[in-house]
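Working notes, beginning with the structure itself.
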Amino acid sequence: MVLSCFDRYIKDIPISVHELYPIINDNEKWKEAHEQFTKISVFWHENENYEHDHYLRLAELVAKVTYNSSGRPAPFDSDSGYYIPGLALNLAEIFDDYRLKEEVKSVILLFNRHKKFRKNLATAKDFLLYKKIDDILWFDWDPIGINEIAPRDEYQAYIPEIFRLVKVKADKQEIADRLYKLECENIGVIGTMEKCLAIADKLLNLQ
């Protein structure tokens with residue numbers, strides 16, 4: 001989720017934004033995003049000097065898109081999602097942090113590369129899972145040890161098969177074996193089964 005990319009950079013995240021996260025992660029709660037949008041807007045109105053106004057605008061747009069995905073009556077403007085990528089990239093520029101910029105670009109690229117996510121908002125929950133797998137492969141698995149220096153999409157080619165294994169609830173050993181094979185055969189490094197098992201645990205805990 002593009003909004004969470006900024007969690008480590010904004011110290012005073014409003015409660016109204018924090019409360020949006022569990023709504024986004026549960027499609028049964030998407031209808032609650034309308035009320036959450038109102039709470040975020042009220043916070044902004046009552047705190048006009050809040051430093052990160054672009055962040056609040058981004059949160060409002062995410063709330064709008066989430067509510068629209070619920071299919072409930074009186075949706076927000078249909079082009080709300082159109083503004084999210086540009087606003088997120090502009091916000092990342094403000095912090096002038098290379099890793100943050102790469103992370104935001106990664107979310108946008110993942111979304112744009114997969115037509116099923118773009119064309120059917122009902123798959124938003126799958127996209128969130130897909131993104132979380134991407135994060136684990138990049139930050140935790142990282143068999144080459146390059147997540148401080150390389151382009152953010154280094155391991156994204158491996159996400160689809162790991163995503164499929166997680167979705168079908170493959171067991172820990174099967175996922176670890178696949179990661180180990182990717183390390184040894186595709187990437188060409190000396191694999192570590194113990195680490196692959198630990199990563200498999202993390203992946204299975206996402207569902």
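The values are calculated or read from the model by the stated rules, or taken from the named source; none is laboratory data. Because the structure is predicted, anything quoted here is derived from the model rather than measured. When we count neighbours, we look across all protein chains shown, and the Cβ atoms used for this are built from the backbone with ideal geometry, even at glycine. Heads up: the accessible areas ignore ligands, DNA and RNA and are worked out on the full protein's heavy atoms, side chains in. Shrake-Rupley method; radii C 1.70, N 1.55, O 1.52, S 1.80 Å.
See the values below:
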quantity	calculated
Selected residue (only one of F76, F43, F95 is touching a Pro at 6+ places or on another chain (Cβ under 7 Å) and either at pLDDT 90 or above or surrounded by fewer than 19 Cβ atoms within 10 Å (Cβ to Cβ) (or both))	F43
Matching residues, region 13-30, being modelled with pLDDT of 90 or more and either in a loop (DSSP other than H, G, I, E, B) or among the hydroxyl-bearing types (S, T, Y) (or both)	I13, P14, S16, E19, Y21
Subset of region 79-92 (residues that are open to solvent by 60 Å² or more (accessible area, probe 1.4 Å) and touching a residue at least 24 places away in the same chain (Cβ under 8 Å))	N90
Given (1) at pLDDT below 95; (2) among the small types (G, A, S); (3) part of a helix (DSSP H, G or I), number of the condition G191 does not satisfy	(3)
Pick from region 119-144, criterion within 15 Å of the chain's Cα centre (by Cα) and open to solvent by 70 Å² or more (accessible area, probe 1.4 Å), ranking: modelled with the lowest pLDDT	L121
Any chance Y50 is open to solvent by less than 60 Å² (accessible area, probe 1.4 Å), within 20 Å of I15 (Cβ to Cβ) and touching a Leu at 6+ places or on another chain (Cβ under 8 Å)	yes
Single residue of region 152-173 satisfying the filter (assigned to a helix (DSSP H, G or I) and without any contact (Cβ under 8 Å) to a residue 12 or more places away in the chain) that is least open to solvent (accessible area, probe 1.4 Å)	P160
Residue satisfying condition, being out of contact with any Gly (no Cβ under 9 Å at 6 or more places or on another chain) and part of a loop (DSSP other than H, G, I, E, B), within set A74, A59, A33, A63	A74
